[in-house]
Amino acid sequence: MKAGLRDVIEAGFLWLGFALFRIIGIENASALGGCLGRFAGRFAISRNRIARRNVEESFPGITGEEVQRIITGMWDNFGRLVAEFPHLHAIDVYGGSRVTITRDPGVDEFADLPSIFMGAHFGCFDLGILLATQKDIDLTIIYRQANNPLAERLIQSWRLKCGGTWAPKGRKGSQLVVKGIRRKGAIAVLGDQKYSQGVAVSFFGREAMTAPALAELALKHDIPLIPIRVLRKPRAQFHVHLFSPLNVVRTGDEAKDVHTMLRAINATYEDWIREHPEQWLWLHRRWDT
C-alpha cells in the first residue's frame, strides 16, 4: 500500500509521540497520555456519538453523567495505552513490581500447549503477550494491521521488541496460526470486535456479528481457550488475571457448537466490561444499527 501525505504526517506525529513518551518514563508517559486522551477525546465528535450510543444501549437506564464518566475514562485509558506502548517490552511481568498476576484455581496456562489465549481491547491489552514471550513460549499473535502503512511499520517495530510471531488477519495470518499450533505453541487473539462476515451472537442483549475463528480453532484442534484480562491500575500498574478455560461442548452439530462457544466468549467479555466499563474501547461499531 502506497503512503500518502496524510499517512506521512500521521506517522511523523506518532514517531515523535513515542520518542517523547519513551524519554519521560512509563509513569509520566501514562499520566501525560491520559491527559492528552481526555483532551483530544472532546473533539472526536463522531466517535463520541458512537461510544455514547453503545454505552446507552448496553446499560439501559444509565444516567447521562455516568455515560460521560465512562466515555471520559475510556479516552483516558486509550491515551495511556498509546503512551505506555513504547515501554511495554521493558516491563518484567514476573520479576518486577509493576504487574500482578493471578489465576483461577487450577489454571496453569502453559502446562497444556497448544493453547489459545483470548483477550479483548480492554485495559492495557498488549501487555498480556509478555506472559508467554518472557517464558520463551512459542507465541503467535493475531492482529489487525493499521490502515496507515507507515504507522503500521512503526507500531510493529515496537511490538516485535515484545517477542512472538505477529500474524496479520487474513490468509497469511491464518497460515502462521496453523503453523504455531503444529509447533504446539500458544495463540493470542482479541475477539471482541465486529466481523461483518461472522456469526450473529448476543452481546449485551443485542445481536452482534462475531468472528468465529476463536471457537473454530478451539473445536477443530481440540485445544483449550483461556481468557486473559489485563486490568489497568493507578500509576501504570497492571493486574493480569487468567481465567479457567471455557468449556468445549460437542454435540456433533458444528455450527451449533461454534455458536455455543461464541456465546460463552461474549458473555466473558460482558462480565469484564460491566465491572470496568471505562477500560473497554466503545469507539467501534460493534452492533448493527
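Readers should treat all values here as calculations from the given coordinates under stated rules, not as data from a laboratory. Nothing here was measured: the structure is a model prediction, and the numbers come from that model. Cβ: placed from backbone, ideal geometry, glycine included. Neighbour counts: every protein chain shown.
Could you sort 102-110, 273-281, 243-251 so that the peptide with the highest average Cβ count within 10 Å comes first and the rest follow in order?
So the peptides 102-110, 273-281, 243-251, ranked by packing, come out 273-281, 243-251, 102-110.
Looking at the chain from every direction and averaging, what is the projected area of its Cα convex hull in nm²?
Reported value for the Cα convex hull: 15.6 nm².
Exceeding 28 Å between C-alpha atoms, which entries from my cross-link table qualify? They are Lys169/Lys220; Lys179/Lys233; Lys135/Lys169; Lys172/Lys194; Lys169/Lys233.
Lys179/Lys233; Lys169/Lys233
Treating only the Cα positions of segment 99-208 as identical point scatterers, give the base-10 log of I(q)/I(0) from the Debye formula at each q in 0.14, 0.17 Å⁻¹.
-0.66, -0.95
Membrane-span-like helices in the chain: DSSP H runs reaching 18 Å or more (Cα, own axis), mean Kyte hydropathy at least 0.5?
In the chain, the long hydrophobic H runs are 5-24, 26-41.
Quick check: the distance between the Cα centres of segment 201-238 and segment 243-262, to the nearest angstrom?
Here the answer is 13 Å between Cα centres.
Nearest 0.05, what FRET efficiency do Arg250 and Arg206 give at R0 = 25 Å with Cβ-Cβ as r?
It comes to 0.35.
For segment 133-289, how big is the tail of P(r) above 20 Å, as a whole percent of Cα pairs?
Result: 57 percent of Cα pairs exceed 20 Å.
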